[in-house]
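Structure record follows, encoded as structure tokens.
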Number of protein chains: 4
Amino acid sequence: MVQKRKFALLGTGFIGQVHAKNLAAHPDIELVMVADQDRSRADGIASRYGARVGSVTEAINSDAIDTILIATSTPSHAEFLAASAAAGKAVYCEKPIDLSLDKARRVVEDVARHPVPVTVGFNRRFDPSHNQLKQHLQQGLIGKAELIQMVCRASELPPLSYLQTSGGQMRDQAIHFFDLLRWLTEDEVETIGAMGSALAMPEIASFGDVDTSVLMMKMRSGALAQLDNTRRTGYGYDERITVLGSHGMSDSAAQSPQGATLYSTSGINRPPLYADWFNRVKETYYLHLDAFVRSLNGKAVSVPGLHDGLQAQAIAEAAVKSLETGTFCKVEQL
Amino acid sequence: MVQKRKFALLGTGFIGQVHAKNLAAHPDIELVMVADQDRSRADGIASRYGARVGSVTEAINSDAIDTILIATSTPSHAEFLAASAAAGKAVYCEKPIDLSLDKARRVVEDVARHPVPVTVGFNRRFDPSHNQLKQHLQQGLIGKAELIQMVCRASELPPLSYLQTSGGQMRDQAIHFFDLLRWLTEDEVETIGAMGSALAMPEIASFGDVDTSVLMMKMRSGALAQLDNTRRTGYGYDERITVLGSHGMSDSAAQSPQGATLYSTSGINRPPLYADWFNRVKETYYLHLDAFVRSLNGKAVSVPGLHDGLQAQAIAEAAVKSLETGTFCKVEQL
Amino acid sequence: MVQKRKFALLGTGFIGQVHAKNLAAHPDIELVMVADQDRSRADGIASRYGARVGSVTEAINSDAIDTILIATSTPSHAEFLAASAAAGKAVYCEKPIDLSLDKARRVVEDVARHPVPVTVGFNRRFDPSHNQLKQHLQQGLIGKAELIQMVCRASELPPLSYLQTSGGQMRDQAIHFFDLLRWLTEDEVETIGAMGSALAMPEIASFGDVDTSVLMMKMRSGALAQLDNTRRTGYGYDERITVLGSHGMSDSAAQSPQGATLYSTSGINRPPLYADWFNRVKETYYLHLDAFVRSLNGKAVSVPGLHDGLQAQAIAEAAVKSLETGTFCKVEQL
Amino acid sequence: MVQKRKFALLGTGFIGQVHAKNLAAHPDIELVMVADQDRSRADGIASRYGARVGSVTEAINSDAIDTILIATSTPSHAEFLAASAAAGKAVYCEKPIDLSLDKARRVVEDVARHPVPVTVGFNRRFDPSHNQLKQHLQQGLIGKAELIQMVCRASELPPLSYLQTSGGQMRDQAIHFFDLLRWLTEDEVETIGAMGSALAMPEIASFGDVDTSVLMMKMRSGALAQLDNTRRTGYGYDERITVLGSHGMSDSAAQSPQGATLYSTSGINRPPLYADWFNRVKETYYLHLDAFVRSLNGKAVSVPGLHDGLQAQAIAEAAVKSLETGTFCKVEQL
């Protein structure tokens, strides 16, 4: 029988609570400790899942804990990641490592001195449909990837306050797809072009953000990729990836929850798409966690690592620069 | 806060294990006791979910238990149901009440003397898509039901040994759809015609069974219904219901797990249907259990009761008679 | 270069005009003469397509004509068919041969004495999708046919006056599918059961007709078939055939004209089905005519013949008897 | 009754033959004369459709002709267009006006001195599905256009000899979608970025062409558009347009000819997409011709004009420049 991994969870906000539920449900995980600045929230989560409450420092240094899940707010990721690694803990770190690519690079260099396993929260790599698409590629069913089309369209505008500290659409929303693109194609983005507009919420233009954007990328292999992002569709959450290869295409399409189709004189009415991103992707959080635990237990399971976290951010930085300058930009290879 | 329902689970075979997992996961249920003739299997389930092992008699009579879930083999359902009711316990009883309609009627009369809540295991009533179809009907979106088409096609032949004691395709497989038909239309079947063949496994003809059958039914309202059943499709589990109403149609279609679609010169290859019935319907077990608990806690939630169990069996009996005699048969109204 | 077939068209009502257009458009056909009791209508059609007007007798006896297309009203089919055959003409005869099966049999015996090529108007055999389904069967892609499901649902109620002389839903609407079933499976119907209701237009019950019906049939091979018919759906014309075989299924589904899909908060709205049966099947008239001309020119092309016309009517008669008597009925093999 | 338009057809190559068939079939058109350098080909077409053969000069100057359809090879378009206009004829001119935008502008200025109706061959504007998408926009069903996604993927590589004189992927293939974008949105492209690779046929890089390309465009309104083009998919012809608006999305999807769907253990196999572009779009040639004739007959029907021809070419020129320079390029507004 497998030894259970002993986790501490740092952060119990929205995403922290998602992780808490998954940590408690996983048969090979024991959720030992929960930490949050909001003590009463930490108490609630801890008592629901039979864990105890501690401070971040306690969690990172406790001998009763071997793995840290960092789900605190973005500005604290880098510090907690470095401290956890220094304490010899394995780490699941929510993305991004830091909104500043420079700071992220420094912390990654720092962590490199401690040979601990780290995964960065690119959970969409574990989406079952996207995985089937990757298998189609790996099995040669569509030949070599030539043209990748990705769509990332959120259903509803987040609040202005969220957008103000999000780092902008490239670093906050598109970044998942920069990572998916690298993972799917096992190739690197060389050049990127981006155009954007603030159509849904014009006031975000005041701090240089956009809510609707299109991007194109050229890969080392010569393959070409497109991505479009919007912050609100009006028709649900629309995430799609299609890869055109030299011998065919694989399409991981937009998804609807199961439902009945209505036929009437006004047409054929299928159930709508998932109402929001979370309902669409929530199972990937569990699957990512499970893959990480299996890799910690010695299984040959691939999880996104620190370099993946940095490289996706490097693409986002080049996209921001392209948006700002109206030119194509080279992507730094880290 | 809601008082947890204290359950005993009788039977830990395939379906008993499904219930065990759901009982353990439900926030308002405590799984107190597990009983099975196979003691070591009961031990395994009990220890996994933190329950204790007892005999059926203990479970039915224990004060620490208020609800019994009967998932033993069919021949024992009637006896355990009667005993549980006599002991004042609420009961979730797997279908059928008994393969003999006469015996089932007697036990239902017996149970009627003890005013305990009972639900019979027609879990497919809780299928999200079928429910959306029922809502389309109830909201008047398709008018009055006129023609109901149901398809129940299993993916793979069960073993011969299973078929020999199953009661036959009408009582074992079709019965779920006799119940769904009554539930969807809130109408009763008056007359039934059935034709069948043993095409996939000709040897079952020796004990009067069929593996492929078509049925037609006339309802009290004049509405007409069709059902077809097969024991193996070769392409996965195919369950569908469509209701044609006076103003439109609602279609609860065959379902596939999420996956990528492959486009190649040989066509457009969508992911296959669910591999088997269990993967298609498993969430309905949880939803049925949840509805039952909510009804026990005083919520106005409808669950299939003993009369539903009997009436579906009466339709099955008429179907068997039609198969045997080659005539249309009246359905007894219980 | 092929010698053009010289056609006379008898009848210029709705379906006669459809044929006129196809006759004029076909490169290997010359439309020589048009006959109709309504002289001015015949004049209009003749002048539009460069033909001349004649009487039925003239058309049948003219040496300038080698093929007769009978598209007059049903009661005159048998007489014109017999006369055309006696005059040595090839004949395309709209279905049915005669509403009376006895009379139809007598005329077929009569025609048998004149070895002329005759096709009966079961144009749906030339539907491209149904043909692909038949190819799936013939190529062994789904194994042996076991369960055939057919749906024939008209979009709008025809006028009462039409229904009064139509011969009833079995002889008028279902008959096309009796023919398709024989053609697809290359098997014969042995027994049939039918149930029907007058739900959409209750007044047709006064002359023994129904507007909603379900049928089941057992084939010689043991295969089972279902058919449902309605006279109005409220959501367009819905024609479907699926064949479940021993190794898979082929589905010739309901069809919509091409159009854009609308995504909004209220769901995903696909274009509606074809508005009516004619728009769905109109190309099959041309394809049937073309197959007939190719067969006349010595190509090995199969077209529905007189025996097909009779046998489909024999199934319809058995269906009528089942509807009337509430029993399963044997189908006469002609 | 409407006076028939008297057409001369210049050019009887592949596309000229498509036009010949449509001209002959149209009830309000008389195909009077056919001209081609290849006299025997012109003879064949003329005799098939009952026209006579003449020289281009004869056609343009004949009093028996009021409309010229120019379907000759690209280098002669400009000269024949100018001559036809000078002779007072209405003109249907295949695109492009000329591969050189400068020469095209000069001929348009020239034609402007003769007030004759001219349409340029952007037949895809008459695609029924794209039209339904445009109606969704015009009826306000999806709000204001914000993000337009277009896919233009040919099924098979054209011969190298074709590509060498085609003007390149932007001017030859993408140009249809530059026109569709302007027509759908009633907006103008301001800036364009393009990336391309020669992946399917690397040798075309020697003359500066690409076979796979992605483009992004910013419209005056701030709306953003994407287009991808490939020269061969391996899975059929894939043309799609989706418009995301402020309140929903409309999707004119890839289309397959009608066919049966095959269900087997290996998945659900839908009929493949149209085998090539011509089968997908052929009806639009008739619909464009019909719209032009109706506009000539005084109906308020919009057809693509000379300015549309020039502006689409201007976008193509900017795309070529972006491909060559690796920068975003402004589009000249003509």
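The numbers here are math on the coordinates, done by the rules we state, and not lab data. None of these values were measured; they are calculated from a predicted model. Cβ sites come from the backbone with ideal geometry, for glycine too, and all protein chains shown count toward neighbours.
Find the percent of Cα-Cα distances in the protein assembly as shown that exceed 57 Å, and round it to a whole number.
On the way: 263079 of 891780 pairs.
In whole percent, the share of Cα-Cα pairs in the protein assembly as shown beyond 57 Å is 30.
Express in whole angstrom the spacing between the alpha-carbon centres of the range A:81-136 and the range C:137-163.
That distance is 57 Å.
Can you count the Lys pairs in the range C:18-157 with C-alpha separation below 29 Å, eight or more apart or on different chains? List each step's numbers first, then the result.
Details: C:K21/C:K89; C:K21/C:K95; C:K21/C:K134; C:K89/C:K103; C:K95/C:K103; C:K95/C:K134; C:K134/C:K144.
Lysine pairs, 8 or more places apart or on different chains, close enough: 7.
Can you compute the FRET efficiency between D:S55 and D:H307 using 1/(1 + (r/R0)^6), with r the Cβ-Cβ distance and R0 = 35 Å? Round to the nearest 0.05.
0.70
Hey, with R₀ at 30 Å, roughly what FRET efficiency would B:Q139 and A:I15 work out to, going by the Cβ-Cβ distance, to 0.05? List each step's numbers first, then the result.
Values: r = 36 Å, r/R0 = 1.21.
Here the calculated transfer efficiency is 0.25.
When only Cα pairs under 8 Å and 6 or more residues apart are kept, what is the percent relative contact order across the range C:5-116?
Values: 204 pairs, mean separation 27.6, N = 112.
Answer for the range C:5-116 is 25 percent.
Of B:T74, B:P115, B:I15, which is farthest along the charge dipole of the range B:5-116 in the positive direction, counting Lys and Arg as +1 and Asp and Glu as -1 at C-beta?
Of the listed residues, the answer is B:I15.
With each run of n ≥ 4 DSSP H residues scored as -39500 (n - 2.57), what mean residue ellipticity at 222 nm is computed for the protein assembly as shown after dividing by its residue count and rounding to the nearest 500 deg cm²/dmol? It would help to have the intermediate numbers written out before the result.
Values: 40 runs with 471 residues, N = 1336.
Here the helix-only value at 222 nm equals -11000 deg cm²/dmol.
Taking the Cα centroid of the range C:265-282 and of the range C:187-225, what is the distance between the two, rounded to the nearest whole Å?
After rounding, the separation between the Cα centres reads 26 Å.
Expressed as a whole number of Å, what is the distance separating the alpha-carbon centroids of the range A:300-334 and the range C:1-38?
69
Could you state the angle between the C-alpha long axis of helix B:39-49 and the longest principal axis of the C-alpha atoms of chain B, as a value from 0 to 90 degrees rounded to the nearest 10?
That works out to roughly 90 degrees.
How about the range D:47-131: which trypsin sites (Lys or Arg not before Pro) there are in a DSSP loop, with at most 14 other Cβ atoms within 10 Å of their Cβ? Before the final figure, lay out each step's value.
Values: sites: D:R48, D:R52, D:K89, D:K103, D:R105, D:R106, D:R113, D:R124, D:R125; in loops: D:K89, D:R113.
Answer in residue order: D:R113.
Can you tell me which aspartates and glutamates have their Cα less than 16 Å from the Cα of B:K4? Leave out same-chain residues fewer than eight positions away.
B:D28, B:E30, B:D63, B:D66, B:D290
So if the hydrodynamic radius of the range B:5-116 is defined as the Kirkwood radius over C-alpha pairs, what does Stokes-Einstein give as its diffusion coefficient at 4 °C and 1.567 mPa s, in µm² per second?
Values: Rh = 13.8 Å.
D, rounded to a whole number, is 94 µm²/s.
If you rank B:F178, A:F126, A:F177 by fewest surrounding Cβ atoms within 10 Å, what's the result? It would help to have the intermediate numbers written out before the result.
Numbers: B:F178 29, A:F126 21, A:F177 24.
Arranged by neighbour count, lowest to highest, B:F178, A:F126, A:F177 become A:F126, A:F177, B:F178.
Report P(r) for chain D: all Cα-Cα distances, bin width 20 Å, range 0 to the bin holding the largest distance, values in whole percent.
The percentages, shortest bin first, are 29, 58, 12, 0.
Could you please report the charge total around C:A24, scoring K, R as +1 and D, E as -1 over all other residues with beta-carbon less than 14 angstrom from its beta-carbon? List each step's numbers first, then the result.
On the way: positive: C:K4, C:R5, C:K6, C:K21, C:R48, C:R52; negative: C:D28, C:E30, C:D290.
Neighbourhood net charge equals +3.
Place a +1 charge on the Cβ of each Lys and Arg in the protein assembly as shown and a -1 charge on the Cβ of each Asp and Glu, then give the dipole magnitude about the Cα centre in debye, rounded to the nearest 20.
Working: 132 positive and 148 negative charges, 2 e Å.
Around 0 debye, computed over the protein assembly as shown.
Using 19 Å as the cut-off for backbone N distance, which residues of the range D:57-72 belong to the label zone defined by a point 7 Å from the Cα of D:E79 along Cα→Cβ?
Counting backbone N atoms under 19 Å from the label point, the list is D:57-62, D:68-72.
Compute the long axis of helix B:277-296 from its Cα atoms, compare it with the longest principal axis of the Cα atoms of chain B, and write down the angle in degrees, 0 to 90, nearest 10.
Taking the Cα atoms of chain B, the angle to B:277-296 is about 50 degrees.
Just want to confirm a number: the relative contact order over chain D, from Cα pairs under 8 angstrom separated by 6+ residues, in percent. Please report the intermediate quantities before stating the final value.
Working: 672 pairs, mean separation 59.2, N = 334.
Reported relative contact order: 18 percent.
Got the D:N297 label distances to the other copies yet, label 7 Å along Cα→Cβ, in nm, shortest first?
Nearest first, the other copies' label points are 3.2, 7.1, 7.6 nm away.
Considering every residue in B:224-230, what mean count of other chain Cβ atoms within 10 Å of its Cβ is obtained?
Details: counts 12, 3, 9, 1, 8, 2, 5.
The mean count of partner-chain Cβ atoms within 10 Å per residue comes to 6.
Could you identify the residue of A sitting closest to the A-B rotation axis by Cβ and state that distance rounded to whole angstrom?
Nearest Cβ to the rotation axis, residue and whole-Å distance: A:A25, 4.
Find, among the GluC sites (Glu not before Pro) in the range B:296-334, those assigned to loop by DSSP (not H, G, I, E, B) with at most 16 other beta-carbon atoms within 10 angstrom.
On the way: sites: B:E317, B:E324, B:E332; in loops: B:E332.
In loop regions of the range B:296-334 (DSSP not H, G, I, E or B), the sparsely surrounded GluC sites (Glu not before Pro) are B:E332.
Work out the FRET efficiency for A:R220 and D:N297 from their Cβ-Cβ distance, taking R0 = 60 Å, and round it to the nearest 0.05.
Details: r = 58 Å, r/R0 = 0.96.
Efficiency, rounded to the nearest 0.05: 0.55.
Put a point 7 Å out from Cα along the line to Cβ at D:R52; what are the distances to that point in the other copies, in nm, shortest first?
Counterpart label points of D:R52 in the remaining copies fall at 2.8, 10.7, 11.1 nm.
Could you work out, residue by residue across D:187-196, how many beta carbons of other chains sit within 10 Å of that residue's beta carbon, and then give the average as an integer?
On the way: counts 0, 0, 0, 0, 2, 1, 10, 4, 11, 3.
For peptide D:187-196, the averaged partner shielding equals 3.
Based only on other Cβ atoms within 10 Å, what is the fewest-to-most ordering of B:T185, D:T67?
Values: B:T185 20, D:T67 23.
Final ranking by Cβ density, sparse to dense: B:T185, D:T67.
Could you compute the net charge surrounding B:V214? Neighbours are other residues with a C-beta less than 13 Å from the C-beta of B:V214; K and R count +1, D and E count -1. Please list the in-between numbers first.
Details: positive: B:R153, C:K218; negative: B:D211, B:D228, C:E146, C:D228.
Every neighbour counted, the sum reads -2.
Starting from a label point 7 Å past Cα on the Cβ side, list the distances from C:S266 to the same position in the other copies, nm, shortest first.
With the label placed 7 Å along Cα→Cβ, C:S266 yields 0.2, 4.3, 4.3 nm.
What average count of beta carbons from other chains do you get within 10 Å of the Cβ of residues in B:232-241? Could you put the intermediate results ahead of the total?
Values: counts 4, 11, 11, 13, 7, 0, 4, 0, 0, 1.
Rounded to a whole number, the mean comes out at 5.
By how many degrees, between 0 and 90 and to the nearest 10, does the Cα long axis of helix C:14-25 differ from the longest principal axis of chain C?
With both axes taken from Cα atoms, the answer is about 60 degrees.
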